[in-house]
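For reference, the structure discussed in these notes is given below.
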Amino acid sequence: MSRTRLLLLICIGALVAFALYCAALINWIQDYSAGMYDRNYTRLMLETGAILIYTYLGIRFFNRNLRSFL
């Protein structure tokens with residue numbers, strides 16, 4: 001696969017992943033504002049942990065893979 005196609009696929013994948021991340025973050029903010037986590041502490045920990053792990057992995061991916069293309 002050529003370098004240009006690989007870069008294009010990585011960019012598209014990153015945009016899709018970012019859109020899903022934004023949707024999850026918006027959902028978390030709406031649930032927090034509605035008080036959904038007041039009743040279910042376990043759900044708060046799981047969803048917050050998932051968003052934090054996803055953020056960490058995204059930053060790690062960027063640092064390892066995309067810097068070689070820039």
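The values are calculated or read from the model by the stated rules, or taken from the named source; none is laboratory data. Computed from a predicted model, the values in this text were never measured in an experiment. Heads up, the Cβs are rebuilt from the backbone with ideal geometry, glycines too, and the neighbour counts pull from every protein chain shown. Side chains are part of the model used for accessible areas, which takes the heavy atoms of the whole protein and leaves out ligands, DNA and RNA. Shrake-Rupley method; radii C 1.70, N 1.55, O 1.52, S 1.80 Å.
The share of accessible area on the chain that comes from carbon and sulfur is 69 percent, using a 1.4 angstrom probe. Stokes-Einstein diffusion for the stretch 20-68 at 20 °C, viscosity 1.002 mPa s, with a Kirkwood radius from C-alpha pairs, works out to 180 µm²/s.
Using r as the Cβ-Cβ distance of Leu44 and Leu20, and R0 as 25 Å, what FRET efficiency do you calculate, to the nearest 0.05? Before the final figure, lay out the partial values.
Working: r = 20 Å, r/R0 = 0.80.
So, using R0 = 25 Å, E works out to roughly 0.80.
For the pair the stretch 35-61 / the stretch 2-27, the C-alpha centres are spaced 20 Å from each other. What are the trypsin sites (Lys or Arg not before Pro) within the chain that DSSP puts in a loop, where the Cβ has at most 15 other Cβ atoms within 10 Å? For trypsin sites (Lys or Arg not before Pro) across the chain that sit outside H, G, I, E and B with at most 15 neighbouring Cβ atoms in 10 Å, the list reads Arg67.
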